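Below: one structure, written as structure tokens.
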């Protein structure tokens, strides 16, 4: 069950009545990213991936400058920008980064207190959620074993395209046990890995970050895996 | 899949044939001596463990060379203009690793293709990612 009492929903089906977004991608703006945003778009089009858009979550920064509206129009995709920050409980995705949040948190700090990230995000109207929580060292649940549960977490990335066998299974099991909602993201750093995991938003139109943050707070979404070999 | 000989034969989305290169201790040791890149962490499991690794690790320059060789087996006549690798995790000597690649962009005027590259470790973790730009002849 989720925090609001509804069942956790992790599906692998697709229909025309929902938005499917990859909520965790990196471009060449990240130090270890090697994907050009336009090439992501070309890849999605060429492979006919069932994605309506993706979110660029660059490491330890917010890319305020890049403008992808032309690519959005050309490829019919929603391209949004967020951040992946590093905390004392592992990595956290922050959606809806704004000036208030940038003033409150040093995004370059690799040991941000997770409570600060969660609290300041909420105050700024943003949405923060730990990613790849089942991963050793950089995942939330690895720290739970040693330091206990963090108050204020209600959503985690349960499917991550970079996970090794066992990591997502742990994420799903722990999220279910703790009543967390789950979303999915590819965590792609190169073009050909976009869309390995994504998030379905039934009966919602999400074309910008404001709508995405609203949808994440709303909780009506589910993680989906589209990794090669997975059925869809 | 037959080797690519002409730029016209490739397109975005094509996969390079995956390969599982031999990174056994004798091969890695031979590479290290040939490359004059001999360090204990590459050629001695116990020494690598003393440095904190799970076992001896494959040198980064060998990983890059293996990826380059995969590109040339896929397209023997191409010239590698650039190969850019990111080492995200260790690849262990005497383990099974898998290399993959894909065409992610093409420049029809310049006859240049951009490739994604990856090496996946035995446990499923991606140890190396990268990109390459390759030039084809007219």
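Only one of the numbered conditions (1) within 14 Å of another protein chain (Cβ to nearest Cβ); (2) in a loop (DSSP other than H, G, I, E, B); (3) within 22 Å of residue A:40 (Cα to Cα) is not met by residue B:52, and that is (3).
Checked against (1) in contact (Cβ under 8 Å) with a residue 12 or more places away in the chain; (2) more than 16 Å from residue B:128 (Cβ to Cβ); (3) more than 14 Å from chain A (Cβ to nearest Cβ); (4) surrounded by 13 or more Cβ atoms within 10 Å (Cβ to Cβ), residue B:68 passes all but condition (2). Here residue A:139 passes the criteria (1) surrounded by fewer than 22 Cβ atoms within 10 Å (Cβ to Cβ); (2) within 21 Å of residue A:26 (Cβ to Cβ) except the one numbered (1).
When you go through B:128, B:134 one by one, which is the residue that is more than 14 Å from chain A (Cβ to nearest Cβ), at pLDDT 95 or above and buried (at least 18 other Cβ atoms within 10 Å of the Cβ)?
Going through B:128, B:134 in turn, the sole match is B:134.
Scanning segment B:9-31 for residues that are surrounded by fewer than 15 Cβ atoms within 10 Å (Cβ to Cβ) and under 25 Å from residue A:49 (Cβ atoms) yields B:9, B:11, B:15, B:17, B:18.
A quick yes/no check of all residues on (1) touching a residue at least 40 places away in the same chain (Cβ under 8 Å); (2) within 30 Å of residue A:166 (Cα to Cα); (3) within 15 Å of the chain's Cα centre (by Cα):
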site	(1), (2), (3)
B:97	yes, yes, yes
B:100	yes, yes, yes
B:111	yes, no, no
B:118	no, yes, yes
B:133	yes, no, yes
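Can you tell me which condition residue A:125 does not meet? The list is (1) outside any loop (DSSP other than H, G, I, E, B); (2) over 21 Å from residue A:26 (Cα atoms), and all the others hold. Of (1) outside any loop (DSSP other than H, G, I, E, B); (2) over 21 Å from residue A:26 (Cα atoms), only one is false for residue A:125: (1).
Restricted to segment B:2-47, and to residues there that are without any contact (Cβ under 8 Å) to a residue 24 or more places away in the chain and part of a loop (DSSP other than H, G, I, E, B), the residue that is nearest to residue B:98 (Cα to Cα) is B:22. For segment B:109-125, filtering for residues that are more than 8 Å from chain A (Cβ to nearest Cβ), touching a helix residue (DSSP H, G or I) at 6+ places or on another chain (Cβ under 8 Å) and more than 13 Å from residue B:66 (Cβ to Cβ) leaves 3. The set of residues from segment B:1-42 being in contact with a helix residue (DSSP H, G or I) (Cβ under 7 Å, 6 or more places away or on another chain) and within 14 Å of another protein chain (Cβ to nearest Cβ) comprises B:12, B:13, B:16. Regarding residue A:93, is this residue buried (at least 23 other Cβ atoms within 10 Å of the Cβ) and either more than 11 Å from every other protein chain (Cβ to nearest Cβ) or under 21 Å from residue A:215 (Cβ atoms) (or both)? When the stated conditions are applied, residue A:93 passes them. Take the residues of segment A:38-51 that are in contact with a strand residue (DSSP E or B) (Cβ under 7 Å, 6 or more places away or on another chain) and in a helix (DSSP H, G or I): which is surrounded by the fewest Cβ atoms within 10 Å (Cβ to Cβ)? Top of the filtered list is A:42.
Number of residues in segment A:29-41 that are closer than 11 Å to residue A:75 by Cβ and out of contact with any helix residue (DSSP H, G or I) (no Cβ under 8 Å at 6 or more places or on another chain) equals 0.
One residue stands out in segment B:79-97 among those that are surrounded by 15 or more Cβ atoms within 10 Å (Cβ to Cβ) and more than 21 Å from residue A:135 (Cα to Cα): the one that is nearest to the other protein chains (Cβ to nearest Cβ), namely B:85.
Are any residues in segment B:110-138 closer than 17 Å to residue B:5 by Cα and part of a loop (DSSP other than H, G, I, E, B), and if so, which ones? Result: B:110, B:111, B:136, B:137, B:138.
The values are calculated or read from the model by the stated rules, or taken from the named source; none is laboratory data. Remember, predicted model here, so these are calculated numbers, not experimental data. Cβ coordinates were reconstructed from backbone atoms using ideal geometry, including for glycine residues, and neighbour counts include every protein chain displayed.
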